[in-house]
Amino acid sequence: MKKQLTRVAALVAFSLVFWSCNQSDPAPKGDYVKGVFVLNEGNFFQNNGAISFFTREETTSQDDIFSRVNGKVLGGGVQGYAVAGEKGLILVDNSAAGLDKVEIINSNTFQDLTSIGAPDIENPREIVIGNNNKAYVSCWGANADYKYTTGYIAVIDLGSHKVTKKIAITGGPENLVYNNGKLFVGTNSDGGGKTLTVINTTSDDVVKTITVPGSATPIGIDANGKLWAGAGTNALKINVDSYAIESTLPIGSDSKKSARNFALSADLKSIFFVLSYFDANYVSHGETYKFGVTDTQINVATPLIKRVFSGLSVDPSQGLIYAGVTPSYAQAGYAVRYRGDGSLVDSIKVGVAPTGFFFK
């Protein structure tokens, strides 16, 4: 009898613990809990950027989900998107001065919460989430003379929704990579800066500037813990502790072409990129290539995909390549999915000028 009572008591206790766990961890609710978000930059002078959404199983997208939920448009080009828990942060770049902002939303429902505007946010370029409940936004600043001398990194406290610091970066701060308490900051090619800036995200101070052979574009951290960055016509492998450049791999020999839209594979062992040039009518031509992080040279004789893309990313959960196609800035674009070997999966119609992707 005592053994039976003991078993019953144990079962009841287990049931209560199980019930308690289920009650304390409710599943997030909303229409945008899981899926693919396409960042459509839009036409700059029409300020019609938007975010499209679809689940990984779908072949059609929902256009401009911010407008669908909130009954108003974002009011600018979409430059970036990041998520911290149940908060989403959208970078909005308006063609008129003083109207740029970071729109803060509920990341699961896309309901608008608040925004941070000028003068704290001017010409935003890219955003990452760091440590200590902070987000980092690269901004060109006012940049009225187009000399890229007014740039900075805006540090946003995600609790108060305030910019707590601006870290000066000349050369037009652009791409960002966050890793283990360090923020690596690249520069715009028009800014002429040939340095990769390192920021300590505990103190939010610049701790190192790494001289590189061209405008720096940090890509990400590979499977071996090395930082990769584009620099002019080269790809660099950098030690994240000593900041030494361990390898310099030339990307072809044609000075008319530039490498952009770098993306790490899901296993962090390969890097995809677009190598392209603009003709006299400003039409982009080029192909998409791939190299391994242990390769000693980059083969640009044989493209992975014989197309040029306005955006490139890799879904970390499925490993598929997502490529943005922009037929023109006056019509809808496409998100095209490829396997890692370059074979086509399908394409999905999205908004105007798809240039980025966010996977959730």
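Yes/no per residue for (1) open to solvent by 30 Å² or more (accessible area, probe 1.4 Å); (2) among the basic types (K, R); (3) in contact with a Pro (Cβ under 9 Å, 6 or more places away or on another chain):
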position: E287; (1), (2), (3): yes, no, yes
position: T294; (1), (2), (3): yes, no, no
position: T302; (1), (2), (3): yes, no, no
position: V308; (1), (2), (3): yes, no, no
position: L312; (1), (2), (3): no, no, no
position: P327; (1), (2), (3): yes, no, no
position: A330; (1), (2), (3): yes, no, no
position: R337; (1), (2), (3): no, yes, no
position: F359; (1), (2), (3): yes, no, yes
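Specify which of the listed residues (V274, V240) is in a loop (DSSP other than H, G, I, E, B), of a type outside the set (G, A, S), open to solvent by less than 40 Å² (accessible area, probe 1.4 Å) and within 30 Å of Q318 (Cα to Cα).
Just a single option satisfies the conditions, and that option is V240.
Limited to the range 93-115, what total is found for residues that are out of contact with any strand residue (DSSP E or B) (no Cβ under 8 Å at 6 or more places or on another chain) and either open to solvent by less than 20 Å² (accessible area, probe 1.4 Å) or polar (S, T, N, Q) (or both)?
Number satisfying all stated conditions: 2.
Which ones in the range 142-163 are part of a loop (DSSP other than H, G, I, E, B) and under 17 Å from I127 (Cα atoms)?
Hits for the range 142-163 are G151, L158, G159, H161.
Have a look at G171, G186 and point out the one that is at pLDDT below 95 and within 20 Å of W228 (Cβ to Cβ).
G171
Could you check, for the range 186-203, whether at least one of its residues is among the β-branched types (V, I, T), open to solvent by 10 Å² or more (accessible area, probe 1.4 Å) and under 30 Å from S67 (Cα atoms)?
No, the conditions are met nowhere in the range 186-203.
For the range 169-225, name all the residues that are polar (S, T, N, Q) and closer than 22 Å to I121 by Cα.
Matches in the range 169-225: T170, N175, T187, N188, S189, T197, N200, T201, T202, S203, T217.
Show the residue pairs that are 6+ apart or on different chains and have beta-carbon atoms under 8 Å apart, the first residue being within the range 141-166 and touching a residue at least 60 places away in the same chain (Cβ under 8 Å) and more than 12 Å from N188 (Cβ to Cβ), the second being of a type in the set (S, T, N, Q) and open to solvent by 60 Å² or more (accessible area, probe 1.4 Å).
I156/T164; L158/N133
For the range 2-23, state whether one or more residues are at pLDDT 95 or above, open to solvent by less than 80 Å² (accessible area, probe 1.4 Å) and more than 16 Å from A353 (Cβ to Cβ).
No, that holds for no residue.
The values are calculated or read from the model by the stated rules, or taken from the named source; none is laboratory data. Since the structure is predicted, the reported quantities are computational estimates derived from the model, not experimental observations. Note that each Cβ is placed from the backbone with ideal geometry, even for glycine, and that neighbours are counted across all protein chains shown. Each accessible area value is taken on the protein alone, full model and side chains, heavy atoms only, with ligands, DNA and RNA left out. Shrake-Rupley method; radii C 1.70, N 1.55, O 1.52, S 1.80 Å.
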